[in-house]
Amino acid sequence: MNGKSSKFKKMRMITLIEAVIILLLIILLVWSLFLRDSSGQPSVPTSAELSSEDPEVRTKAVIDKEETFYQLDGRKILLSDETYGEIYLPVYENVPECSKDKDSLISRNGYTFYRQNGEITSIPGIDVSTHQGDIDWAQVKAAGVEFAIIRVGYRTYGGGEINFDDSFAKNLSEADAAGIKTGVYFFSQAISAEEAIAEADAVIDAIEPYNVTYPVVYDWEIIYDDAARTDNVPVDVLTDACIAFCERVKSAGYTPMIYQNKRTSLFKLDLPRLQDYDFWLAEYNDGPTYFYDFDMWQYSCTGRIPGITGDVDLNISFKDYSAQ
């Protein structure tokens, strides 16, 4: 009887020890997998650790209401949408809002001007391409046009080839000879920063012989009613392309500028990253409704100017770039 009791106690003790050991192993496993690493720090790698391991890894900041990336005072940009009706975007805290007094915009005979202290301070201009045909630049100058933004070239939205505008050299030479200040633009369909750099280099090489005193403009546009290679370009890639083009232009000694319409600007550009560059707004209204600041305004695509057959885009500049 006593021998059996002693043997039973030993077996119970062994079973208890085994259970304790198994429990400890489970605790250690959970600790190592889910709680802490050997240094006592969180086991999920930090963004700094990721960057040190691979400099090409790009992390994206988490934006929440405790941060000041957006205004939290209730200001909203209201838009109209075919599906949702009225929609709104929060206002960026770190993007300057429009500095123009919209009550100072006046229209006369189909043209718009900006007036301050009783004097017109805006500069009237146009933008043209080969689509305007043969232009009589002397008549354009006599009509009061002071600057022209001339298309140098474009990238095709199907195959992605870079082409030059058939009329850019003639327009640049003849506009300058007529006393009109000139800038240029490139119609981009870039899908990477590398392609945007190639476009900038093509423009810089093409305009080197000419007297370009107004901005060199990056004009990236969405293609409607047709499939295009740019249909699914992400916001960060498009913004990278804008920066790449503008920095290349700046390094060549020209003033870079970004051209965009209101909705594409708000929906497809990371505006806080683009504050180093002047902005040319396309919005065809009696007055601009764009919330943020801009330096040129394309207010019509159906303007009429002596010396040009058919419609032409009308613009005003709030800066005299030729004097800078």
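Worth pointing out:
- Count of residues meeting criterion [over 11 Å from Ile305 (Cβ atoms) and either surrounded by fewer than 21 Cβ atoms within 10 Å (Cβ to Cβ) or without any contact (Cβ under 8 Å) to a residue 60 or more places away in the chain (or both)] in segment 115-135: 12
- Total residues in segment 178-197 satisfying the condition of being open to solvent by 10 Å² or more (accessible area, probe 1.4 Å) and not aliphatic (A, V, I, L, M): the figure is 7.
- Residues that are within 24 Å of the chain's Cα centre (by Cα), part of a strand (DSSP E or B) and not basic (Lys, Arg), drawn from segment 72-85: Ile77, Leu78, Leu79, Ser80, Asp81
- Of all residues in segment 248-281, those satisfying the criterion of being aliphatic (A, V, I, L, M), within 19 Å of Glu199 (Cβ to Cβ) and under 12 Å from the mean Cα position of the chain (by Cα) are Met257, Ile258, Leu269, Leu274.
- Answer residue from segment 207-222, given it is out of contact with any Lys or Arg (no Cβ under 8 Å at 6 or more places or on another chain) and in a loop (DSSP other than H, G, I, E, B) and is most open to solvent (accessible area, probe 1.4 Å) among those: Glu208
Each row is one residue, and each column tells you yes or no for (1) within 30 Å of Val91 (Cβ to Cβ); (2) assigned to a helix (DSSP H, G or I); (3) modelled with pLDDT under 95.
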| site | (1), (2), (3) |
| --- | --- |
| Phe279 | yes, no, no |
| Asp286 | yes, no, yes |
| Ser300 | yes, no, no |
| Ile305 | no, no, no |
| Gly310 | no, no, no |
| Asp313 | yes, no, no |
| Ile316 | yes, no, no |
| Lys319 | yes, no, no |
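- Segment 211-236 residues that are under 18 Å from Arg263 (Cβ atoms) and of a type in the set (S, T, N, Q), paired with ones that are open to solvent by 10 Å² or more (accessible area, probe 1.4 Å) and assigned to a strand (DSSP E or B) (beta carbon under 7 Å, 6 or more apart): none
- Residue selection: Tyr290 fails the criterion of being touching a helix residue (DSSP H, G or I) at 6+ places or on another chain (Cβ under 8 Å), surrounded by 20 or more Cβ atoms within 10 Å (Cβ to Cβ), of a type in the set (Phe, Trp, Tyr) and more than 26 Å from Pro90 (Cβ to Cβ).
- Pairs, first within 15 Å of Pro288 (Cβ to Cβ) and of a type in the set (Ser, Thr, Tyr) in segment 76-100, second in a loop (DSSP other than H, G, I, E, B) and open to solvent by less than 90 Å² (accessible area, probe 1.4 Å), C-beta under 8 Å, six or more apart: Ser99/Asp293
- For segment 223-239, the tally of residues that are open to solvent by 60 Å² or more (accessible area, probe 1.4 Å) and closer than 15 Å to Ser192 by Cα stands at 5.
- When Ser317, Ser265, Ser322, Ser300 are checked against the criterion of being farther than 18 Å from Ser188 by Cβ, of a type in the set (Ser, Thr, Tyr) and open to solvent by less than 10 Å² (accessible area, probe 1.4 Å), Ser317 stands alone in meeting it.
- Hits in segment 257-294 (condition: among the charged types (D, E, K, R) and without any contact (Cβ under 8 Å) to a residue 40 or more places away in the chain): Lys262, Asp270, Arg273, Asp276, Glu283
The values are calculated or read from the model by the stated rules, or taken from the named source; none is laboratory data. Source: prediction; values computed, not measured. Heads up, the Cβs are rebuilt from the backbone with ideal geometry, glycines too, and the neighbour counts pull from every protein chain shown. All accessible areas refer to the heavy atoms of the entire protein, side chains included, with ligands and DNA or RNA removed. Shrake-Rupley method; radii C 1.70, N 1.55, O 1.52, S 1.80 Å.
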